[in-house]
Amino acid sequence: MKRRKFVFLMGLATASGGLAIACADNQSATTPNATSPTSSPASTTAASPSASPVAATGPLEKELVIYSGRDEKLVGDLIKQFEQETGAKVQVRYGDTAELAAAILEEGKNSPADVFFAQDAGALGAMQKAGRASQLPPSLLDRVESRYRSPDGKWVGITGRVRTVDYNTKLVKPADLPESISGFTDPKWKGKIGWAPTNGSFQSFVTALRVSQGDEKAKQWLEGIKANNPKTYPKNTAIVEALSRGEIAVGFVNHYYLEKFKQENPQAPVDHHFTNDVGSLVNVAGVAILDGTKHPNIAQKFVDFMLAQDAQKYFATKTYEYPLVSGIAPEGNLKALNGIPSQATAIDLSNLNDLDATLKLLQETQVI
């Protein structure tokens, strides 16, 4: 997101209740094809992705309005499939997650939106803190581990997006990679690092660093990395490409960029490294049902659909994100979520909404 646009949104958000949310990440946009998923009946097993059908309190309505911060190329076919399954007419307003969140707050109770589909937990946390997210039933919440959903039951993650330190395997030995993200402030990494400070996913990571370790530690980390003369890129894709060329040795990115890159460049000498702290933050794309919904039953059915096995497999194979429902493996050689080193401090992802302070810190340290 351009800076001017962001400032506008921050002003609007502040006027609407103190919202400060992450800009949308430059998501890997893989166009769905004819293999788009079909729905599956609910399973009777509690641990199954299709378990616990929605506890509808009445017949399904025939209309649904979704504000989607996820690109149409990522979720359009899934939504069409939902329409075919339910017979409902779905209206989707696509846009930037931050813009849509600000729009919902500005529209207030007059918002036509039933569901907010965000690609960042911070935006969902902002909806929760503004009192705009409805309580979700346990039949939906319990399909996802507690760390990937609102502790208050106001939103639920659909897919996982993991921060990694990708590295060129010809330039760096795995044993030389530090276990903590703070290890990259060591002068031995000088001139070897790539980052994208204006990218939304990087800024969400810095927000998580602030939340988990405090502003002063986050400032020290930024200053330490800056002292190592990192090469700056506009987005994660450019970092992965630079890694493949050996232009840099390590880069701070989200995991799916490399997964997508390797579909066309399987021999690229680049691999993931997961640090044992917030450097391997698992953020989520997720949904909230808005408090003013006029179609609560079909809205719950939509969440149920996105947490079903076929939709979860779709995300694993088409966007290379992590399924969050147990029993569905990630695509390729990706390490399972429970195999990623645990974060030193548990983070309530709802608290990643405070991007305003993150941007101020990035400016204070002259990183942006």
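Out of curiosity, is LEU334 part of a loop (DSSP other than H, G, I, E, B) and open to solvent by less than 30 Å² (accessible area, probe 1.4 Å)? Working first, answer last.
Numbers: part of a loop (DSSP other than H, G, I, E, B): yes; open to solvent by less than 30 Å² (accessible area, probe 1.4 Å): yes.
Here the answer is yes, as LEU334 does meet what is asked.
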Exercise for review: Scan region 231-244 residue by residue and report those that are over 23 Å from the mean Cα position of the chain (by Cα) and either free of Cβ contacts under 8 Å to residues at least 40 places away in the same chain or assigned to a strand (DSSP E or B) (or both).
Suggested key: LYS231
Check your understanding: For region 337-354, which residues satisfy the criterion of being under 29 Å from VAL270 (Cβ atoms) and either part of a helix (DSSP H, G or I) or not hydrophobic (A, V, I, L, M, F, W, C) (or both)?
Key -> LEU337, ASN338, GLY339, PRO341, SER342, GLN343, THR345, LEU349, LEU352
Review point. Does ILE328 satisfy being open to solvent by less than 30 Å² (accessible area, probe 1.4 Å), part of a loop (DSSP other than H, G, I, E, B), in contact with a helix residue (DSSP H, G or I) (Cβ under 9 Å, 6 or more places away or on another chain) and under 22 Å from LEU124 (Cβ atoms)?
Key: yes
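Check region 168-178 and report whether any residue there is closer than 22 Å to LEU258 by Cα, acidic (Asp, Glu) and open to solvent by 30 Å² or more (accessible area, probe 1.4 Å).
Taking region 168-178 and keeping what is closer than 22 Å to LEU258 by Cα, we get 168-178.
Filter again for acidic (Asp, Glu), leaving 176.
Those still in the list that are open to solvent by 30 Å² or more (accessible area, probe 1.4 Å) too: 176.
Among the residues of region 168-178, at least one is closer than 22 Å to LEU258 by Cα, acidic (Asp, Glu) and open to solvent by 30 Å² or more (accessible area, probe 1.4 Å), which makes the answer yes.
Looking at region 197-231, which of the residues that are of a type in the set (Ser, Thr, Tyr) and touching a Gly at 6+ places or on another chain (Cβ under 8 Å) is modelled with the lowest pLDDT? Please lay out each step first, then the result.
From region 197-231, those of a type in the set (Ser, Thr, Tyr) are 198, 201, 204, 207, 212; that's our starting set.
From what is left, the residues that are touching a Gly at 6+ places or on another chain (Cβ under 8 Å) are 204, 207.
Details: SER204: 89, THR207: 93.
Among them, the one singled out is SER204.
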Exercise for review: Pull up region 340-357, narrow it to residues that are at pLDDT below 85 and acidic (Asp, Glu), then point me to the one that is surrounded by the most Cβ atoms within 10 Å (Cβ to Cβ).
Suggested key: ASP354
Check your understanding: Going by the structure shown, is LEU307 under 29 Å from SER182 (Cβ atoms) and either touching a residue at least 24 places away in the same chain (Cβ under 8 Å) or surrounded by 21 or more Cβ atoms within 10 Å (Cβ to Cβ) (or both)?
Key -> no
Point to revise | Lone unmet requirement of (1) modelled with pLDDT of 95 or more; (2) farther than 26 Å from ALA316 by Cβ; (3) part of a helix (DSSP H, G or I); (4) open to solvent by 30 Å² or more (accessible area, probe 1.4 Å) for GLU247 | key: (3)
**Study point:** Qualifying position, being assigned to a helix (DSSP H, G or I), free of Cβ contacts under 8 Å to residues at least 60 places away in the same chain and of a type in the set (A, V, I, L, M, F, W, C), among ALA103, ALA126
**Key:** ALA103
Review point. Are any residues in region 82-100 open to solvent by 30 Å² or more (accessible area, probe 1.4 Å), of a type outside the set (A, V, I, L, M) and not in a loop (DSSP other than H, G, I, E, B), and if so, which ones?
Key: GLU83, GLN84, GLU85, LYS89, GLN91, ARG93, TYR94, GLU99
**Study point:** Options LYS301, LYS318, LYS360, LYS262: the member that is surrounded by fewer than 20 Cβ atoms within 10 Å (Cβ to Cβ), more than 21 Å from GLY122 (Cβ to Cβ) and of a type in the set (Lys, Arg)
**Key:** LYS262
Practice item. Filter region 324-339 down to residues that are at pLDDT below 85 and not small (Gly, Ala, Ser) and give me whichever is nearest to ILE181 (Cα to Cα). Key: ASN338
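Here are some residues: VAL206, VAL303. Which one is assigned to a helix (DSSP H, G or I), touching a Leu at 6+ places or on another chain (Cβ under 6 Å) and of a type in the set (A, V, I, L, M)?
Numbers: VAL206 fails: touching a Leu at 6+ places or on another chain (Cβ under 6 Å).
Unique residue meeting the criteria: VAL303.
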Practice item. Keeping to region 166-198, report how many residues are within 19 Å of PHE274 (Cβ to Cβ), touching a residue at least 60 places away in the same chain (Cβ under 8 Å) and under 21 Å from the mean Cα position of the chain (by Cα). Key: 2
Review point. So which of HIS295, HIS272 ends up being open to solvent by 10 Å² or more (accessible area, probe 1.4 Å), in contact (Cβ under 8 Å) with a residue 12 or more places away in the chain and under 30 Å from PRO59 (Cα atoms)?
Key: HIS295
Check your understanding: Conditions: (1) surrounded by fewer than 23 Cβ atoms within 10 Å (Cβ to Cβ); (2) assigned to a helix (DSSP H, G or I). PRO151 meets all but one. Number of the miss?
Key -> (2)
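The values are calculated or read from the model by the stated rules, or taken from the named source; none is laboratory data. Here the structure is a predicted model, which is why all the values come from computation and not from measurement. As a convention, Cβ positions derive from the backbone with ideal geometry for all residues, glycine included, and neighbour counts pool all protein chains shown. Heads up: the accessible areas ignore ligands, DNA and RNA and are worked out on the full protein's heavy atoms, side chains in. Shrake-Rupley method; radii C 1.70, N 1.55, O 1.52, S 1.80 Å.
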